[in-house]
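Please read the structure below before turning to the comments.
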Amino acid sequence: MRILLTGTGAADGIPGYFQTDRVSELARAHGGKDVRYRSGAVVDGVLKIDWGPDTFACAQRLGLRPRDWTHVLFTHSHDDHYAPREFQYLFPPFLPMETERPLIYGNAAVVDGFAGQFEEASLLERFLIRSFEPVEVAGYRVTPIHAYHKLDEDSLNLILEKDGKRFLYGTDTGVYQDDTWEFLEGVALDGIVLDCTDGFQATEYWGHLSCEELLRVVDRLAKIGCVGSETFVGTTHHGALGGATHEELERFFEPHGIHVGYDGMLIEL
Ligand SMILES: [Zn+2]
Ligand SMILES: [Zn+2]
């Protein structure tokens, strides 16, 4: 399984849209891995995870062809992950009516949210997925798990399985709640990427992880048999307000064997 992180930024990206903090200004001045587009991923070139407002820019930057993405999985309906109006360009006058279009999977807010976004939106094939109920998507076994995030909908993190490999895409979430911990017990993972929005600045908001919280989550995942010495552990969904540059994050996580995600990072399991 090859997971390409197309974007690794939090809601307002880095440099933060309207931010003038140290991390944002450093990213503006020096570019490189400190520039983070809104988060998303592509698995094996066919499965798109989340489709936020930077999807177009990510595709150009990384030389990707969105028509190759035959299936789209959404984690939740926050704007940085969910830009349903972008799908209008799959319809006339941009493409013929008979064009094959991606199949879309998400919670009720995602699936129902397409209605009325543009004239043909209801023609897109959408499938409701629910936490803890596995489904087959494009030859992958996909098991959504309950994220601790946007509480007025079934916010999802996603376990993908294929060819004996198992990967967990773990954003957006705070520290999982009991239902998710119970479900994960003994589920051995080959790879995981986790929310790291808050960086060095833990906040009152419980729906994301700081670096310290991420370490605690990984530790607990190790204790219940999800993460072992061979498991790839990475980060994503970094916010400028976390107050950490890429290099500072690497210094923090290196002793723990955790890889700091960046736009364009390819994870091969
Ligand atoms: Zn987000
Ligand atoms: Zn969110």
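The values are calculated or read from the model by the stated rules, or taken from the named source; none is laboratory data. A quick note: this is a predicted structure, and the numbers were derived from the prediction, not measured. Note: ideal-geometry Cβ built from the backbone for every residue, glycine included; neighbour counts use all protein chains shown.
Figures for the structure shown
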quantity: Listing of helices (runs of 4 or more DSSP H) fully contained in the stretch 169-269 that carry 1 or more residues being under 17 Å from the mean Cα position of the chain (by Cα); calculated: 211-223
quantity: Whichever residue in the stretch 120-149 is crowded, with 17+ Cβ neighbours inside 10 Å and not in a strand (DSSP E or B) and, among such residues, is farthest from ligand 2 (Cβ to nearest atom); calculated: Ala138
quantity: Subset of the stretch 43-70 that is without any contact (Cβ under 8 Å) to a residue 40 or more places away in the chain and within 15 Å of ligand 1 (Cβ to nearest atom) - its residue that is surrounded by the most Cβ atoms within 10 Å (Cβ to Cβ); calculated: Asp50
quantity: Residue pairs meeting the criteria (Cβ under 6 Å; at least 6 apart or on separate chains; first farther than 15 Å from Asp79 by Cα, in the stretch 1-30; second aliphatic (A, V, I, L, M) and surrounded by fewer than 22 Cβ atoms within 10 Å (Cβ to Cβ)); calculated: Met1/Leu269; Ile3/Ile267; Leu4/Leu266; Leu5/Met265; Ala27/Val35
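Quick grid of which residues meet (1) assigned to a loop (DSSP other than H, G, I, E, B); (2) more than 14 Å from ligand 1 (Cβ to nearest atom); (3) touching a strand residue (DSSP E or B) at 6+ places or on another chain (Cβ under 6 Å); (4) modelled with pLDDT of 95 or more:
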{"position": "Ile3", "(1), (2), (3), (4)": "no, yes, yes, yes"}
{"position": "Arg28", "(1), (2), (3), (4)": "no, yes, no, yes"}
{"position": "Ala41", "(1), (2), (3), (4)": "no, no, yes, yes"}
{"position": "Val72", "(1), (2), (3), (4)": "no, yes, yes, yes"}
{"position": "His78", "(1), (2), (3), (4)": "yes, no, no, yes"}
{"position": "Gln88", "(1), (2), (3), (4)": "no, yes, no, yes"}
{"position": "Pro96", "(1), (2), (3), (4)": "yes, yes, no, yes"}
{"position": "Arg101", "(1), (2), (3), (4)": "yes, yes, no, yes"}
{"position": "Asp112", "(1), (2), (3), (4)": "no, yes, no, yes"}
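The rows are residues; the columns are (1) closer than 21 Å to Glu185 by Cβ; (2) modelled with pLDDT under 95; (3) not hydrophobic (A, V, I, L, M, F, W, C).
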site	(1), (2), (3)
Trp206	no, no, no
Asp219	yes, no, yes
Phe232	yes, no, no
Thr245	no, no, yes
His259	no, no, yes
